[in-house]
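Encoded as C-alpha cells, the structure appears first; notes follow it.
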Amino acid sequence: MKRTCHPRLLGSGRPLTPRVLPESVLPVDHVNSPFHELDLEELWKGIGKTRVRQHVNPLRREYQVPTGPMQWSQAFADPALPLAIDLGCGPGRFLMLKHKRQKDSIQMNYLGVEIREKLVERAKEWAGRLGMCDHVHFVHTNATISLSTMMAGYPGPILSVYIQFPDPHFKKRHRKRRIFQPSLVRTVRDLLPSGGQLFLQSDVEMVSIAMRNIFEMYAFDDFELAAEHSGQEEDVFFSNTTSAAASSNALDEDRSTSPAQHIQDAHHSSSSTSSCQEASGDHDPAFIAEDSRRGDAQTTHFSDEEATPDCKEQEDAEEEEEETGDYDSMESKWASGGWLRRNPLGVPTEREHYVIQQGLPVYRVLLKRK
C-alpha cells in the first residue's frame, strides 16, 4: 500500500495546518500580475512544475566550498556593463522583469545568486527561452561563502546589490544560517563603489531589522541611508521599533561611532541554552506549503536529521553570538529613517506580489555606499 505522508511539526504530534491564500490573491503569472508580461505561462510545459526544498541548510558540507571566479565572457555578452546582483534570487522573475522593462533605457547586466539548484536550472531555462541570456545570468551557490571569490575580476562596475525576502531562520541558534553574515557585509561593502545602492526588504519586520542592523554594525562608516528615507510621510512609515520617539536617542548620539563600537555596545536580548533541543517547527516557515521567499515553488520538507542541529553547531552559533553581539536588538541610528513605503526599484519579487495583494506591510531599507 502506498504510504501517505502528512506534514507534522517536528517534536509535536500536532498536524500542520497549511497556509491558504485568500481567493482574491492572484497567482504569480496571472493575467493581472506584473509578471504576466514575461509570458512564462507558455514556458511552463516541461520546466514549470519544479519541486524544491523551501529551505536549504547552507551549513551543509557541500555548500561550504566557495565558487571560484566566473568566466564573465561566458556569462554575459558584454561583461563591461554595470551589474546588479540579487542575492537569494529565488525563481528569478524579478531580474527578468527588471531587464525587460529597462533594456531600452539602461544597458545593464543582472546576476541572480541562489542556493537551490532546481530554481537556478529553471531560471536559466526561462532566460534562454525569453532571449535574455546576454544580460541575465543565474548561479547556483551559497552567496554567503562564495560572493567574494566568484565576483573577482568582474570588469564592469557593480552598481546595486539586492537582498529581498531572505529565509528568516527565526531561532537564535539558526542565525548563522542566514544569508546576511558579517563576512557578506564586508564583501558587499568592498564590491560596491561610492554611490552604489544596497536594497534590503522583507515582509517579516524582525528580518528587515536584522538586515539593517548587521550592515549598520559592521559597515556604519561605509553606508548611509539613501535620500528616499527623507522622513516625509508619503515616503516612509514607522513601526513601534522605528518610531521617531524610539529613534530620538540615536539621533542625538555621535554619528561617527565606528562599527567596532557598535559591537562593543550591543547587548544580548536573551540568554542562550547549552543543551541540544529538537526543532519544533512552530515558527519555522519550512513547514508551510507556499514558498516563503518568492511565492511559487512547490516544496518538500526537512527530515528530522536536517531540521535539528547537532550540539556542535549550536555551540558554534552561541560562540559566534558572544563574539559579534546581538545585532537583532541593537539600538539602531538608521531606524530614524523609517521604512520605505514604495519599492524604489519599480519591480516586485514574487513574494512581494503576494504580500502586497493581502494588504500586508513590507519593510524596506535603501542604503547608499559612501
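Running Debye on the stretch 55-116 with equal point scatterers at the Cα sites and no solvent, what base-10 log of I(q)/I(0) appears at q = 0.15, 0.16, 0.20 Å⁻¹? Calculated log10 I(q)/I(0) at the listed q: -0.58, -0.65, -0.90. Residues HIS30, HIS137 ordered from highest to lowest accessible area at a 1.4 Å probe: HIS30, HIS137. Pairs exceeding a 29 Å alpha-carbon distance, out of LYS124/LYS370; LYS176/LYS333; LYS103/LYS370; LYS176/LYS368: LYS124/LYS370. Please report the carbon-and-sulfur percent of the accessible area for the stretch 84-232; probe 1.4 Å, protein heavy atoms only, DNA, RNA and ligands left out. That fraction is 47 percent.
Taking the Cα centre of the stretch 79-157 as reference, the dipole from Cβ charges on Lys and Arg (+1) and Asp and Glu (-1) amounts to some 260 debye. Each of HIS140, MET217, ASN109 was placed along the dipole of the stretch 94-236 (beta-carbon charges, centred on the mean Cα), and the one lying farthest toward the positive end is HIS140. Structural size metrics of the stretch 47-195, computed from C-alpha coordinates, are Rg and Dmax of 15.0, 46 Å.
With only the Cα atoms considered, the stretch 120-249 has a convex hull volume of 158 Å³ per residue. With kT/(6 pi eta Rh) evaluated at 10 °C and eta = 1.306 mPa s, and Rh the Kirkwood radius from Cα pairs, the stretch 100-153 diffuses with a coefficient of 131 µm²/s according to Stokes-Einstein.
Cα extents for the stretch 128-196 along the principal axes, largest to smallest and rounded to whole angstrom: 42, 33, 21. Dipole size of the stretch 44-194 about its Cα centre, with +1 on Lys/Arg Cβ and -1 on Asp/Glu Cβ: approximately 1000 debye, rounded to the nearest 20.
The values are calculated or read from the model by the stated rules, or taken from the named source; none is laboratory data. This is a predicted model, so every value here is computed, not measured. For neighbour counting, all protein chains shown are included, and Cβ atoms are generated from backbone atoms with ideal geometry for every residue, glycine included. Side chains are part of the model used for accessible areas, which takes the heavy atoms of the whole protein and leaves out ligands, DNA and RNA. Shrake-Rupley method; radii C 1.70, N 1.55, O 1.52, S 1.80 Å.
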